[in-house]
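Remarks on the structure that follows.
The values are calculated or read from the model by the stated rules, or taken from the named source; none is laboratory data. This is a predicted model, so every value here is computed, not measured. All Cβ positions, glycine included, derive from the backbone under ideal geometry; neighbour counts span all protein chains shown. When the accessible area is computed, the model is the full protein with side chains, heavy atoms only, and any ligands, DNA or RNA have been set aside. Shrake-Rupley method; radii C 1.70, N 1.55, O 1.52, S 1.80 Å.
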Amino acid sequence: MDANRGIELEQRIVLVDLLSSLFLTLPDEALLKSLLTLEWGESDSAGSNEIAAYIEERRDADREELLLELGRDRARLMRGANNEGMRSAYESLYSATAANESIGSLNRFYADAGFALAEGVHDTVDQIGVEMAFCSVLMKRESEALRQGDEAKADEWREVRMCFMAQHLGRWVHNYAADMRTFALTGFYRGVALLIDEAF
């Protein structure tokens, strides 16, 4: 087994799970608490450094005010609640492919892999967080196969992920991240945009 492959995969899974959750759930007290209690040292990650700078700058802000600030920025960036032209975080808004074709293809990928939206997720299959969650599932299956010493199975799951990236998430995620960096009002979401580029 390639130990480095397994380690790199595990690190990417953590990052992709974090990103997916930021797109599928609203900023809350638990998120704030974890952000404020983490040790934010200088990192090789530009995204982490941007988030750390934002947290340090806003450390003494009122918690409710901070949650409102993050919630407003999230709505502008992910839901298109803005007048600047920032598109919502959906593949159908970034892809040249017709929405029904994209949705149909996504549903086939998900069904073939036995992937279904969690009960609490009330979003469409082309939302960025859903697509990221699917990538995470594929990486976890690849990682599990590696742990079991089944490199052929691991390669199969990796190939499914590469196809998914080529046909879906990889075709638009960096354009979305570039828009997010341009339109974000908080260093937190500028950092998230940088993390997207680092993860994918």
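Tabulated values for the structure
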| read-out | value |
| --- | --- |
| Among Glu144, Glu39, Glu64, residue whose mean-square fluctuation peaks in a GNM of the chain (springs only between Cα atoms under 10 Å) | Glu39 |
| Probe 1.4 Å, accessible area per residue of region 78-151, Å² | 49 Å² |
| Cα-centred dipole magnitude for region 50-200, charges only on beta-carbon of K, R (+1) and D, E (-1), debye, nearest 20 | 180 debye |
| Positive minus negative residues near Tyr110 (Lys, Arg vs Asp, Glu; Cβ under 12 Å) | -2 |
| Point-charge dipole on Cβ atoms (K/R +1, D/E -1) for region 1-114, about Cα centre, debye to 20 | 520 debye |
| Mean ellipticity per residue at 222 nm, deg cm²/dmol - from DSSP H runs of n ≥ 4 across the chain, formula -39500 (n - 2.57) | -23000 deg cm²/dmol |
| Computed Rg/Rh of region 97-200, alpha carbon atoms with Kirkwood Rh | 1.01 |
| Selection from Trp172, Val160, Ala193 lying farthest towards where the dipole of region 63-200 points positive, charges on Cβ | Ala193 |
| Whole-Hz couplings from phi, Karplus 6.51/-1.76/1.60, listed for region 190-198; x for Gly and Pro | 5, x, 4, 4, 5, 5, 4, 5, 6 |
| Environment charge of Val130, counting only residues whose C-beta is closer than 10 Å and scoring Lys/Arg +1, Asp/Glu -1 | -4 |
| Dipole of region 2-155, positive end: most advanced residue of Leu138, Gln127, Leu35 [Cβ charges, Cα centre] | Gln127 |
